[in-house]
Amino acid sequence: MRKKILVSGPALSRSGYGEQTRFALRSLREYEDFFDIYLINLPWGQTGWIPSCGDERVWLDSLIMKTVSSQQNNTQYDISLQVTIPNEWQKVAPVNIGYTAGIETTRISAEWVEKSMLMDRIIVVSNHAKYGFDNTSYEAVNNQTGEVVKEYKTTTPISVVNYAYRHFEPEEIDLDLAYDFNFLTVAQKSPRKNLINTIRWFIEEFHDEEVGLVVKSNLRANSTVDRHFSEQDLKNILSDKKDRKCKVYLLHGDMSDGEMTSLYKHEKIKGLINLAHGEGFGLPMFEAAYNELPVIAPPWSGQTDFLYAPVKDKKKNKTKSKPHFATVDYVIQQVQPEAVWDKVLIAESMWCFAHQGNYKSKLREVYKNHGYYKSMAKKLKNHIVKTFTEEKQYKLFAESVYGSPLKKISVNDIPKISILTSVYDGDAYIRSFLEDITRQTIFNRCELILINANSPGNEEEVIKEYMEKYDNIVYKKLEKDPGIYGAWNEALKHASGEYVTNANLDDRKAVNSLEKHAITLLTNPEVGLVYADSLVTSEPNETFEQNSSNGNRYNFEQFSKEAMLRGNQAHNNPMWRKELHDKCGLFEEKYKSAGDWEFFLRCAFEDIKFHKLSDILGLYYFNPKGVSTNPENFKWKQEEEREIFLKYQSIMNQSVIL
């Protein structure tokens with residue numbers, strides 16, 4: 001069953017939670033056969049935004065606009081995925097999932113325990129984050145019974161899903177480094193990141209040597225003002241080290257993924273330092289590691305999920321996970337008072353404090369024995385690239401959200417589809433129509449049944465041309481015109497598909513329209529008919545991708561019998577199971593324009609379930625000479641529609657009385 005999922009998180013933010021939100025959305029996008037995705041973008045402090053260009057940003061913006069429209073229509077969501085700190089979790093859907101980086105310390109707050117109980121499932125980015133939930137308990141009092149609960153703790157199921165390795169082509173960066181050997185640290189200045197000690201202890205170790213440290217950092221955002229204060233802050237740290245030979249560089253501002261890749265791969269950058277007191281995951285370390293850059297860090301918190309790799313003991317024939325980085329000794333102590341964050345980072349929690357002397361000695365080791373650590377980094381990269389694939393991690397995340405195993409639908413799983421098309425007076429459209437319909441992603445899973453209703457046109461010449469190219473086109477010419485629904489009924493006699501759709505000569509489809517319709521039927525056996533919105537154009541023979549609709553569309557209602565009475569919601573973009581005709585009959589041939597509406601109403605009142613897709617998948621040509629759109633036909637068209645409406649309104653009223 002395809003589920004409507006509302007994702008809320010800082011999707012457009014340049015922040016850790018921003019990247020976490022985008023990872024979640026990428027995962028769900030890989031399984032769009034199972035998820036109908038909606039997005040609320042949350043503000044996130046004073047962080048900047050990702051660039052407004054690029055395919056992913058365009059997609060994110062489209063999700064946000066789609067969500068605004070859905071909320072105006074009071075759409076009900078099946079799942080809420082909340083990408084934020086647990087303090088903000090709340091019940092907003094039948095299934096609520098909290099997705100968090102957790103806490104970098106040993107304990108979560110009591111508020112987090114309480115909020116976690118509102119969630120049906122929790123997903124975290126590392127085993128360290130899970131540890132905080134699993135190993136925190138409080139004494140609490142049941143407000144209803146007064147009973148004292150000795151160990152009040154999180155009981156909600158928790159899944160761990162690490163980030164995925166992503167490949168980016170390096171982009172040129174302007175980095176002028178005086179020395180050939182430089183360390184790199186990537187950290188926003190805060191008590192947790194321990195940046196001051198990272199810099200000061202480096203200077204103390206390499207004070208009189210030609211070694212550099214590149215500090216990729218900011219205070220809050222990547223603005224010009226922030227750069228000024230960051231520079232001043234760094235000058236203050238270095239103020240008593242003016243006679244040093246080693247160099248410290250500030251790298252400030254937004255950098256693309258490709259630019260960061262170039263930074264990690266720079267020939268003069270020899271290692272990444274992270275001396276933070278704790279990490280939920282440690283994305284810069286992860287990125288450095290899969291770019292083959294040696295890492296210097298304590299073996300504690302989120303990074304332990306990916307900085308270890310299996311090593312086989314040939315003598316014992318056993319495999320053991322060992323660190324593939326320069327490990328810095330540490331002690332676990334209570335967090336500093338200045339790091340406490342009310343109801344988030346609590347005073348009684350603890351985290352890692354790197355040992356100053358051992359940190360310096362590990363920097364020295366990497367400097368002197370760089371070849372050894374580079375070799376280890378190469379092995380770690382190979383392990384990460386093999387283990388943390390996008391395919392694996394996206395699947396793991398999507399299944400954690402869905403709540404059960406997911407299998408991607410193969411094109412070969414899709415049953416045969418019969419496309420019904422009536423051909424009459426279509427010379428102006430036939431070639432463009434055939435070009436459009438044959439480009440469908442699953443046209444090889446279809447049969448196109450063209451019924452020529454004794455047309456005065458010369459469509460047959462073009463049709464036969466396409467029949468030479470495609471062996472799944474069926475063509476029949478009738479001696480007299482039975483009307484559009486008579487033509488469709490004739491096509492149904494020749495149909496061998498399990499699914500059926502109609503395609504009008506003057507309308508066009510998104511290239512994946514039939515695939516999306518068919519997959520929805522395949523994955524939702526209780527649904528008998530699916531339909532989608534269409535863009536509307538007044539120009540003939542345009543395509544779904546290039547048209548003059550300016551976004552004008554038919555925004556059809558979600559399915560209900562009442563909605564079907566208000567109008568033909570399935571309109572020009574339906575697909576249904578052929579077996580519906582066994583239960584509900586064929587199209588009523590006496591109608592000239594509304595026979596499809598009458599058939600769909602007949603199905604609806606036989607309690608056949610319809611489902612509306614969230615995507616816009618068609619382009620409807622408002623043809624001034626069309627049967628249903630020609631003003632000259634409005635009188636008889638209204639009479640036809642009124643007859644159908646009154647018939648099914650009467651049936652509905654009878655069912656209400658009963």
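The values are calculated or read from the model by the stated rules, or taken from the named source; none is laboratory data. Nothing here was measured: the structure is a model prediction, and the numbers come from that model. For neighbour counting, all protein chains shown are included, and Cβ atoms are generated from backbone atoms with ideal geometry for every residue, glycine included. Surface accessibility is based on the protein's heavy atoms, side chains included, excluding ligands, DNA and RNA. Shrake-Rupley method; radii C 1.70, N 1.55, O 1.52, S 1.80 Å.
Net charge near PRO43, counting Lys/Arg +1 and Asp/Glu -1 over other residues with Cβ under 15 Å of its Cβ? Walk me through the numbers on the way to the answer.
On the way: positive: ARG14, ARG220; negative: GLU88.
Neighbourhood net charge equals +1.
Any idea of the accessible area per residue across the range 282-324, 1.4 Å probe, to the nearest Å²?
Working: 1990 Å² over 43 residues.
Ligands and nucleic acids excluded, the result is 46 Å² per residue.
For the range 345-457, build the charge dipole from Cβ charges (+1 Lys, Arg; -1 Asp, Glu) around the Cα centre, then report which of HIS383, GLY371, SER361 sits farthest towards its positive end.
Towards the positive end, the residue furthest out is SER361.
Using a 1.4 angstrom probe, figure out how much accessible area the range 1-151 has per residue, in square angstrom, rounded to the nearest whole. Write down the numbers at each step before the final one.
Values: 6470 Å² over 151 residues.
Per-residue accessible area for the range 1-151 comes out at 43 Å².
Can you find, among SER27, ILE346, PHE544, the residue sitting farthest towards the positive end of the charge dipole of the chain, where Lys and Arg contribute +1 and Asp and Glu -1 at Cβ?
Going by the charge dipole, the pick is ILE346.
Taking a ≥ b ≥ c as the square roots of the eigenvalues of the Cα gyration tensor of the range 163-226, is the shape rounded (a/c under 1.5), prolate (a/b larger than b/c) or oblate? Intermediate values should be presented prior to the final figure.
Working: a/c = 1.63, a/b = 1.17, b/c = 1.39.
Cα axes put the range 163-226 in the oblate bin.
Work from the charge dipole of the range 214-296 (Cβ charges, +1 for Lys and Arg, -1 for Asp and Glu, about the Cα centre) and give the residue of VAL295, SER217, SER239 farthest towards its positive end.
My answer, from the dipole projection, is SER239.
In what sequence, highest mean first, do 529-537, 235-243 appear when ranked by Cβ atoms within 10 angstrom?
Values: 529-537: 24.0, 235-243: 10.8.
Result, highest mean Cβ count within 10 Å first: 529-537, 235-243.
Suppose only helical runs count, i.e. DSSP H with n ≥ 4. What mean residue ellipticity at 222 nm does that imply for the chain under -39500 (n - 2.57) per run, divided by all residues and rounded to the nearest 500 deg cm²/dmol? Can you show the working numbers first?
Values: 19 runs with 222 residues, N = 658.
Computed ellipticity for the chain at 222 nm equals -10500 deg cm²/dmol.
Over the chain, with every protein chain in place, what whole percent of the accessible area is carbon and sulfur at 1.4 Å, could you tell me? List each step's numbers first, then the result.
Values: 14450 of 30410 Å².
The nonpolar share, carbon plus sulfur, comes to 48 percent.
How big is the dipole moment of the chain about its Cα centre under a simple scheme where the beta carbon of each Lys and Arg is +1, that of each Asp and Glu is -1, and everything else is neutral? Debye, nearest 20, please. Spell out each step's value before the answer.
Details: 83 positive and 91 negative charges, 543 e Å.
That gives a dipole near 2600 debye.
Give, as a single signed number, the net charge of other residues whose beta carbon lies under 12 Å from the beta carbon of GLY626, with Lys and Arg counted +1 and Asp and Glu -1. Working shown, then result.
Details: positive: LYS592, LYS625, LYS637; negative: ASP425, ASP506, ASP507, GLU632.
Around GLY626, the charge tally is -1.
Nearest 20 debye, what's the magnitude of the dipole of the range 549-658 about its Cα centre given +1 on Lys and Arg Cβ and -1 on Asp and Glu Cβ? Spell out each step's value before the answer.
Numbers: 16 positive and 16 negative charges, 32 e Å.
Magnitude of the dipole: close to 160 debye.
Give the long-range amide H neighbours of THR84: residues separated by 5 or more places, or on another chain, with amide H under 5 Å away, using H modelled in the peptide plane at 1.01 Å from N.
Amide H neighbours of THR84: TYR99.
How large is ³J(HN,Hα), in whole Hz, for each residue of the range 534-543 in order, when computed from phi with the Karplus curve 6.51 cos²θ - 1.76 cosθ + 1.60 and θ = phi - 60°, using x for Gly and Pro?
10, 6, 10, 10, 10, 10, x, 6, 7, 10
Please report, in debye to the nearest 20, how large the charge dipole of the range 557-608 is about its Cα centre when each Lys and Arg carries +1 at its beta carbon and each Asp and Glu carries -1 there.
Numbers: 8 positive and 10 negative charges, 18 e Å.
I would put it at about 80 debye.
Apply the Karplus parameterisation 6.51 cos²θ - 1.76 cosθ + 1.60, with θ equal to phi minus 60°, to every residue of the range 55-68 and state each ³J(HN,Hα) to the nearest whole Hz, in sequence, with x for glycine and proline.
4, 5, 5, 4, 5, 4, 4, 5, 5, 5, 5, 4, 5, 4
In whole Å, largest first, what are the principal axis extents of the Cα atoms in the chain?
Computed over the chain, the largest-to-smallest principal extents equal 98, 67, 59 Å.
Looking at the range 246-322, which GluC sites (Glu not before Pro) are in a loop (DSSP not H, G, I, E or B) and have at most 10 other Cβ atoms within 10 Å?
Listed in order of number, the matching sites are GLU267.
In nm, what is the difference between 0.36 nm times the number of residues separating GLU589 and ASN444 and their Cα-Cα distance? Walk me through the numbers before you get to the answer.
Working: separation 145, 0.36 × 145 = 52.20 nm, distance 3.03 nm.
Between GLU589 and ASN444, full extension yields an extra 49.2 nm.
Averaged per residue, what accessible surface does the range 562-614 expose to a 1.4 Å probe, in Å²? Mind dumping the intermediate values first?
Numbers: 1990 Å² over 53 residues.
Per residue, the range 562-614 has an accessible area of 38 Å².
Provide the per-residue ³J(HN,Hα) series for the range 349-364, in order, calculated from phi with Karplus coefficients 6.51, -1.76, 1.60 and θ = phi - 60°, each as a whole number of Hz, with x at glycine and proline positions.
Computed from phi, the couplings for the range 349-364 are 7, 9, 8, 8, 10, 5, 7, 4, x, 5, 4, 5, 5, 6, 4, 5 Hz.
Where Lys and Arg each count +1 and Asp and Glu each count -1, what net charge lies around GLY457 among other residues with Cβ under 9 Å from its Cβ? Intermediate results must be reported in sequence, preceding the final value.
Details: positive: none; negative: ASP425, ASP427, GLU459, GLU460.
Around GLY457, the charge tally is -4.
Counting only residues 5 or more places away or on other chains, whose amide H sits under 5 Å from the amide H of TYR152 once H atoms are built in the peptide plane?
Distant-sequence amide H within range of TYR152: TYR138, GLU139, ALA140.
For the range 410-569, just say rounded, prolate or oblate: build the C-alpha gyration tensor, square-root its eigenvalues into a ≥ b ≥ c, call rounded for a/c under 1.5, and beyond that prolate if a/b exceeds b/c, oblate if not.
On the way: a/c = 1.41, a/b = 1.24, b/c = 1.14.
In terms of gyration-tensor shape, rounded.
Tell me the label-point distance for the pair SER404, SER69, using the 7 Å Cα-to-Cβ offset, in nm and rounded to one decimal.
Result: 3.0 nm between the two label points.
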